[in-house]
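To start, the structure itself, in structure tokens.
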Amino acid sequence: MSSESIEMYLKTIAELGGAGESVSVGKLADRLGVTAVSANEMVKRLVRQELVQYQPYKGAILTQNGRRLAHNVIRRQRLWECFLVDHLKVDWAASYDQACDLEHATDPTVTESLAEFLNHPAVCPHGNPIPDADGRITPDKGQPLSEWPVGQTGTITAILPKSSEALAYLNQKGVRPGQSVTLIEIAPLDGPYSLTIYGQTIALGRQLAELILVE
């Protein structure tokens, strides 16, 4: 199992909430685009390395060492996102996948030099907190739009990581951190969610609404 594969699994478990609660193997496989069998085999290997704990029918949760490694990868990625967007003017949506490629080839010295160059940003361009050099990370601010009360107006604090495709779609609709948004309707049977942003009404499916944090 390559170190890159380990990093991708640990980071993905953390992004799905596995630093604090169990993540199902099916959900992990879906995010990574692999089969459930492959994901299950990898989780078993991570258990043997004491990077995750696994309970049948519940899923995988990161151990203390697993969290530290996962947050280290997330730190590298989100610092690269800041550099790509703020200094190289890379597309806001595309920066997520491009930073994923860079994170695996960045050693600790370069990571901390990058943080110093960027003046130690607290969040990435998508509003997500950047772990510190010791792996500590502040909680996400806000709650998912999918849990937001109808009629309530708030400010978008972050777009949770999933894929450049999802980020590009939301960016096209003007859904970015700092924007004011009002949830005006939730259609029966799980959506869509209708909201106003920039004075225009747009509709989003539940899976996209879950990625938008609002406060």
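Brief remarks follow.
- Tilt relative to the chain, helix 3-15 - C-alpha long axis, 0 to 90 degrees, to 10: 40
- Computed over the stretch 3-62, relative contact order equals 40 percent, with contacts defined as Cα pairs under 8 Å that lie 6+ residues apart.
- Efficiency of FRET from Cβ geometry, residue 203 and residue 143, R₀ 22 Å, rounded to 0.05: 0.65
- 0 to 90° range, to nearest 10: angle between helix 36-48 axis and the chain longest Cα axis: 50
- Highest to lowest packing among 176-186, 14-24, scored as the average C-beta count within 10 Å: 14-24, 176-186
- Projected label distance in nm at residue 132 and residue 120, using a 7 Å step from Cα toward the beta-carbon: 0.8
- Relative to the longest principal axis of the Cα atoms of the chain, the long axis of helix 64-86 lies at roughly 50 degrees.
- Extension gain for the segment residue 86 to residue 64, taken as residue separation times 0.36 nm less the Cα-Cα distance, is 4.7 nm to one decimal.
- Listed pairs 58/162; 58/173; 58/141; 58/89 exceeding 30 Å between Cα atoms: 58/173; 58/89
- For the stretch 117-123, 3J(HN,Hα) computed residue by residue from phi via the Karplus equation (6.51, -1.76, 1.60; θ = phi - 60°) reads 4, 7, 6, 6, x, 8, 9 Hz, glycine and proline entered as x.
- Only Cα pairs under 8 Å and 6+ residues apart enter the sum, and on that basis the relative contact order of the chain stands at 16 percent.
- Here the extension length gained between residue 30 and residue 210 equals 63.2 nm, from 0.36 nm per residue of separation less the Cα-Cα distance.
- Fully extending the segment from residue 113 to residue 184, taken as 0.36 nm per residue of separation minus the present Cα-Cα distance, adds 21.1 nm.
- Rg(Cα) / (2.2 N^0.38 Å) computed for the chain, rounded to two decimals: 1.04
Every read-out reported here was derived from the displayed coordinates using simple, explicitly stated rules and does not represent laboratory data. Being a predicted model, the structure only gives us computed values, none of them experimental. Every residue, glycine among them, receives a Cβ derived from its backbone with ideal geometry; neighbour counts consider all protein chains shown.
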